[in-house]
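Here's the structure we're looking at; comments come further down.
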Amino acid sequence: MRSPHSVSSIPVSFPIGRMIIAAAASLLALASSEVVAQHTGLPGGPPVLKLPPSGAKIAMVTGTRQPVVEVSINGKGPFRFVLDTGAGQTMFDKKLSEELQLPILGIVQANDATSNAPKRLKLVKAELLTIGDVRISNVVGMEHDVLTIFGNEPDAPRGILGINLFADCLLTIDYPGNTLTLAWGELPPADGRDILKYETLRGLINVPVTLAGRESELTLDTGAALSIALAEEMKDDVSFKTDPVATRVGRRAFTEMEIREARIAGDLKVGRHVITNPVAHVAGIHSVMGYEILKNFALTIDQANQRVRMTRSGGEGPIKCRSVYFTGLSTLWKDDARQITTVIAKSPADRAGLRKGDRIETINGKVCRDVPQVSWRTMTTEPGTIRLAGTRAAGGSFDCSIEVACAVP
């Protein structure tokens, strides 16, 4: 039985998308076949991490803008999960949790920093997660509609791996090499160039940076698909080369928010690495550094010593953030079609006459099922023309062309 007759409420608030349960880490055992690390202080008992003494290397799923790996749960799967350094707590998609009959431990209050009222979510437990040669047992996480966060895509992730699961080992997220590596050991002391000492706030990895000549901090967020986001209190400290433009609507755990982007008049310096005139999501909830910058690096995170190493491949010159192209459309996958959830005013989609609720059924003459999510994302973020056809929410049909526009040069 998944649902006990009485489920007690656990009086803890977890901010989703910036989620953390504080955990103290301790090395428990060394064995000839595997090394074991265990956390204490988690509801439902501590998770236990096991991997070979030589470590483990895992291939990441290609074509995504987050580190996605295949995870087996209690011997079933594999299922795709995002490794999110902006999340301290693991999440299981509600339908997947129900399908696997994960036992319910209780109820937690949770919020995503944009919703006024906390939500009540079930706290569930997986006996075993297997990721390549890595085994993590007794994993407690929240049950939520993860598929919707990722647009209900057919190949969308079914969960989120919280960074706290890997607190006792060196975790390397190698974007250029498309691999995830776990190993025992520690990073050398910080040198301010390649290895940085970071601070933690609610378990988040906040690295020191210089932005447009001002010293600051940005959260290392592998779950963010943008370059950087500037919190409201930080955006007034920098000047912009371009006016902020609404480009899309982003989904959070409970809410949606309009993404407004602009290019900064100044450089971002992270250790010895320079990113010239980065594009920023203006007036975000948190100040973060995401995929469009992190994709240039292999990141090694040493949570025990609060150090991160950023190793760059492919040249030593300044990094240039690409221009931002957009259609102004946001969609959810539904019944083998893309249903439009938002249309940005005065965007290419708006000028083409598309409206919320319209169903896109063919893209450039192909049915939606034959256009993978990665292809759809490329079409809508690179210059070009897209032909869309489908049915109107108000009745009738449409067949139109959209010229993908440059929002931020």
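The values are calculated or read from the model by the stated rules, or taken from the named source; none is laboratory data. Please read all numbers here as calculations on a predicted model, not as lab measurements. Cβ placement follows ideal geometry from the backbone for every residue including glycine, while neighbour counts extend to all protein chains displayed. Surface areas here come from the heavy atoms of the whole protein model, side chains and all, with no ligands, DNA or RNA. Shrake-Rupley method; radii C 1.70, N 1.55, O 1.52, S 1.80 Å.
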- Message: Go through the range 163-202 and report how many residues are of a type in the set (Gly, Ala, Ser), open to solvent by 30 Å² or more (accessible area, probe 1.4 Å) and farther than 24 Å from Thr62 by Cβ.
- Response: 3
- Message: Among the residues in the range 263-276, are any touching a residue at least 24 places away in the same chain (Cβ under 8 Å) and under 27 Å from Asp168 (Cβ atoms)?
- Response: yes
- Mind listing whichever residues of the range 261-294 are of a type outside the set (A, V, I, L, M, F, W, C), open to solvent by 30 Å² or more (accessible area, probe 1.4 Å) and modelled with pLDDT under 90? His286
- In the range 73-111, the residues that are in a loop (DSSP other than H, G, I, E, B) and closer than 23 Å to Ile205 by Cβ: Thr85, Gly86, Ala87, Gly88, Gln89
- Item | Glu70 being modelled with pLDDT of 95 or more, of a type in the set (D, E, K, R) and either in a strand (DSSP E or B) or within 27 Å of Ala224 (Cβ to Cβ) (or both) | yes
- Message: Can you say whether Leu128 is in a strand (DSSP E or B), over 26 Å from Glu258 (Cα atoms) and open to solvent by 50 Å² or more (accessible area, probe 1.4 Å), as far as the supplied structure shows?
- Response: yes
- Query: Do we have Thr62 as of a type in the set (S, T, N, Q) and open to solvent by 10 Å² or more (accessible area, probe 1.4 Å) here?
  - Reply: yes
- Query: Only one of these conditions is not met by Gln109: (1) at pLDDT 95 or above; (2) among the polar types (S, T, N, Q); (3) surrounded by fewer than 19 Cβ atoms within 10 Å (Cβ to Cβ). Which number is it?
  - Reply: (1)
- How about the range 340-384: which of its residues are among the polar types (S, T, N, Q) and touching a residue at least 60 places away in the same chain (Cβ under 8 Å)? Thr341, Thr342, Ser347, Gln373
- Task: Among what's in the range 356-395 and is over 28 Å from the mean Cα position of the chain (by Cα) and of a type in the set (Gly, Ala, Ser), pick the residue that is farthest from Leu226 (Cα to Cα).
- Result: Gly395
- Query: Which one is most open to solvent (accessible area, probe 1.4 Å), of the residues in the range 312-328 that are more than 11 Å from Thr381 (Cα to Cα) and in contact (Cβ under 8 Å) with a residue 12 or more places away in the chain?
  - Reply: Lys320
- Would you be able to tell me the number of residues in the range 203-237 that are open to solvent by less than 30 Å² (accessible area, probe 1.4 Å) and either in a helix (DSSP H, G or I) or hydrophobic (A, V, I, L, M, F, W, C) (or both)? 15
- Message: Which condition from (1) acidic (Asp, Glu); (2) more than 19 Å from Thr64 (Cβ to Cβ); (3) in contact with a Pro (Cβ under 9 Å, 6 or more places away or on another chain) is the one that Glu186 breaks?
- Response: (3)
- in a helix (DSSP H, G or I) and closer than 19 Å to Glu153 by Cα: does that describe Trp333? no
